[in-house]
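One structure is given below, represented as structure tokens, and several questions about it will come after.
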Amino acid sequence: MNRIESLIYQVVKHNPRIKNLVRDVYQSLFSIIPVPVERSEYPVTVREGFFFGFHDKNPWSYDKLNLLAHGYGQLANKLPKTGDQIDIGFFSGADFTTFHKITSTSCYNWQQGSMLQWLGKTNKFIFNDAGGADNVAKIFDTEGHAAGMLSKAIAAVDADGTKALSYNFARLQRHFPGYGYVHGSDPEVEDKAPSLHGISIIDLGNSVFTKLFSVRDIASFRPEKSMEGAFHFLTHCLFSPSGQRFLFLHRWIKNKNFTYTRMFSCDINGQHLHLFPTSDMVSHIAWQDESHVLAYSRSIENKDAYILFQDMSDEHRLIGTSVFSSDGHPSFPGKFPEWFVTDTYPDRLQRSSLILYNILKEQRVDLGYFRQPYSYRDEVRCDLHPRWNHDGTLICFDSAHSGKRSLCTMNIGDFLSTNHLNPR
């Protein structure tokens, strides 16, 4: 955002309906201005008709040979409906351009797909599908063999592929449809803070589910006045690198309009619950290492920014305030923890930027921009959601700059290894 846009945003940000109206009118006017659809500093491979999903999962297999993907066929940018199915599979070969369809699923959204992800260092992957009251999670291997099924949908899997976290995606569909599923049920949907379901942890070795806490448990933890009469849900789970702790977001919606968010961490037994020092808003999160979390959020000083938090502490510091003026989806490449990749939402010309940032040098590196069609917005928008391969040499992202939602990869070569300060 430029200075004028930032000032307007500060005025309208507390009323989402007005904010979205201003944004839509503003962007629709500028969308007719002809500009290049792509500018990239590094080679980009575009796979039309495919996408991956969120920024917090690694689509590459541990052996670096396969790249997970969803194929959407004729569904394009339509809202998911009962009976719609998308393909589940992976790319292989040179530049990952050969797609292998393994199966399909009816549980997906355009932001997070089907929660498709690898199980540790194996050739097995897991994803959500319709079935039962809470939906199910299915496991397949790259040979196409079914390797298991869980009676609940999953949100996140730890790095070893031994544990998963689960919550009710049907509840999100009520007021947060871009992240929910049209399949499944929520028997407590009329309960503003339900007690029967919340977040569960799953032992993937024996399929044992353990409920850690309910939505009501979290809503009752240090309640705020804005929570009165609000609709509550839990979302965005993410394991720490060791798998011993995890993050999640507690959200509540007031008057079907304004969404408030808090960020928590806890251990895998549901103990040592920590509420991070934020104020009303947390959007996108990433573990930097075992004890530090980067989130785009509103600080207790009422500043919207990327903030680096220390887990189990109130310590935090704002990151890149002179070079970032809007939200994005960050992720770290693992062995180069001073760097993260992030993106931006479309600007007034519908251009989404892809950015590297070095926390220690306070250095921003723009990798390029990709112009999104104006028709891709709201629940069918195509955020870049950048994520790393295991070596920090490739970045995978989704984009519709070609005119179709596509799975893209950018090869940045040895940029990180030659520009690092604190390797692991």
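Just wondering, is there one or more residues in region 383-393 that are buried (at least 22 other Cβ atoms within 10 Å of the Cβ), assigned to a strand (DSSP E or B) and on the phi < 0 side of the Ramachandran plot?
Yes, the conditions are met somewhere in region 383-393.
List the number of the failed condition for Y62; all other conditions in (1) modelled with pLDDT of 95 or more; (2) in a helix (DSSP H, G or I) hold.
Y62 satisfies all of (1) modelled with pLDDT of 95 or more; (2) in a helix (DSSP H, G or I) except (2).
Take the residues in region 296-319 that are over 17 Å from T259 (Cα atoms) and of a type in the set (G, A, S), then tell me which one is surrounded by the most Cβ atoms within 10 Å (Cβ to Cβ).
A305
Only one of D95, D87 is charged (D, E, K, R) and without any contact (Cβ under 8 Å) to a residue 60 or more places away in the chain; which?
Exactly one of D95, D87 is charged (D, E, K, R) and without any contact (Cβ under 8 Å) to a residue 60 or more places away in the chain, namely D87.
Kindly indicate which of G113, G71 is on the phi > 0 side of the Ramachandran plot, under 20 Å from the mean Cα position of the chain (by Cα), surrounded by 15 or more Cβ atoms within 10 Å (Cβ to Cβ) and modelled with pLDDT of 95 or more. Lay out the reasoning, then the answer.
On the way: G71 fails: on the phi > 0 side of the Ramachandran plot.
Every option except G113 fails the conditions.
Given the conditions (1) surrounded by 22 or more Cβ atoms within 10 Å (Cβ to Cβ); (2) in contact with a Leu (Cβ under 9 Å, 6 or more places away or on another chain), and given that H183 satisfies all but one, which numbered condition is not satisfied?
Going through (1) surrounded by 22 or more Cβ atoms within 10 Å (Cβ to Cβ); (2) in contact with a Leu (Cβ under 9 Å, 6 or more places away or on another chain) one by one, H183 breaks only (2).
Starting from region 165-177, take each residue that is under 14 Å from T259 (Cβ atoms) and list its partners that are at pLDDT 90 or above and part of a helix (DSSP H, G or I), counting only C-beta distances under 6 angstrom and pairs at least six apart or across chains.
Correct list of pairs: L172/Y179; P177/E379.
A further question on this structure: Being modelled with pLDDT under 95, among the aromatic types (F, W, Y) and part of a loop (DSSP other than H, G, I, E, B), is that true of even one residue in region 208-226?
So far as region 208-226 goes, no, none of its residues is modelled with pLDDT under 95, among the aromatic types (F, W, Y) and part of a loop (DSSP other than H, G, I, E, B).
Hey, among the residues in region 163-212 that are touching a helix residue (DSSP H, G or I) at 6+ places or on another chain (Cβ under 8 Å) and polar (S, T, N, Q), which one's farthest from S106 (Cα to Cα)?
S195
Which one of these is closer than 22 Å to V157 by Cβ, exposed (fewer than 15 other Cβ atoms within 10 Å of the Cβ) and in contact with a His (Cβ under 8 Å, 6 or more places away or on another chain): K256, K211?
K211
Shifting gears a bit: Among the residues of region 37-53, is any of a type outside the set (F, W, Y), outside any loop (DSSP other than H, G, I, E, B) and in contact with a His (Cβ under 7 Å, 6 or more places away or on another chain)?
Yes, region 37-53 has at least one match.
In region 350-380, which residues are touching a Phe, Trp or Tyr at 6+ places or on another chain (Cβ under 7 Å) and buried (at least 16 other Cβ atoms within 10 Å of the Cβ)?
Correct list: Q350, R351, S352, S353, L354, L356, Y357, N358, L367, V380.
Listed residues G83, G93, G89; which is surrounded by fewer than 19 Cβ atoms within 10 Å (Cβ to Cβ) and within 21 Å of L150 (Cα to Cα)?
Result: G83 is the single residue among G83, G93, G89 that is surrounded by fewer than 19 Cβ atoms within 10 Å (Cβ to Cβ) and within 21 Å of L150 (Cα to Cα).
The values are calculated or read from the model by the stated rules, or taken from the named source; none is laboratory data. This is a predicted model, so every value here is computed, not measured. All Cβ positions, glycine included, derive from the backbone under ideal geometry; neighbour counts span all protein chains shown.
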